[in-house]
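One structure is given here, and the rest of the page talks about it.
Please treat every number below as a calculation from the coordinates, not as lab data. Small disclaimer: the values here were computed from a predicted structure and weren't measured. Glycine gets a Cβ as well: all are built from the backbone with ideal geometry, and neighbour counts include every protein chain shown.
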Amino acid sequence: MRVVLERGYSGASVRDIIQAAGVPQGSFTNHFVSKEAFGLELLGIYFAETRKLIQATLGNEFLAPLQGLREFVDANKARLRDEGMQHGCLSGNFSAEASDHSANISLSLREIFSEVRNSIAYCLRRAIRQGALPQDTACDTIAGFVVSGLQGAILLTKVERTLQPIEQFEYVLFALTLRRPDLLAPPQAATTTAFA
């Protein structure tokens, strides 16, 4: 996982992977019929962790729905900060470099992003039922925006090595789209820029 996050799916050779794992080359072919199979396994492991995050935030019935969305975005931002803004998101990285070369990886990514979108839309519908958003809120459209906007912000954060893209995304989501500036994270002096 670390090697693929650091070097990318295409940039990480089988030799790099087995060296990082400390195993002989035959071990790779004993476990995986191809590098594509290895990539699909990595996506599965990575998304299992994402599912746990979704359950703890977007799907957490003990949190106010929009607080769950806030915590989902915060967790992504915290991970980026903790990793020095170097790795991005494995699903997003695979989308950029591997989906054109593998129909199976492309299908897996579509399923992953669809599940995330559906989880966000569910969270927004709960917010409507609880009176935190207007009845006419376009939940599916906003959920699609959150997935694409967050992925773009994560990618730019990785490229620019600053949290500014994800902070700008947060501002657009909570202050402009949902019209709930009360849900914006408190500013952090080292990384925050005022968006107006």
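I need the calculated FRET efficiency for the pair A21 and Q168, taking r as the beta carbon distance and R₀ as 41 Å, to the nearest 0.05.
Result of the calculation: an efficiency of 0.60.
Once Lys and Arg get +1 and Asp and Glu get -1 on their Cβ, which of Q67, S119, Y46 lies farthest toward the positive end of the dipole of the stretch 36-183?
After comparing all options, I get Q67.
If you put +1 on each Lys and Arg Cβ and -1 on each Asp and Glu Cβ, how big is the dipole of the stretch 36-183 around its Cα centre, in Debye rounded to 20?
440
Given R₀ = 41 Å, what would the calculated FRET efficiency be for R129 paired with N30, taking r from the Cβ atoms and rounding to 0.05?
0.20
Per the Kirkwood definition applied to all pairs of different Cα atoms, how many angstroms is the hydrodynamic radius of the chain?
Hydrodynamic radius (Kirkwood, Cα only) of the chain equals 18.0 Å.
Say the dipole of the stretch 51-196 comes from +1 at the beta carbon of Lys and Arg and -1 at that of Asp and Glu; which of G149, Q86, A138 then lies farthest toward its positive end?
Farthest towards the positive end: A138.
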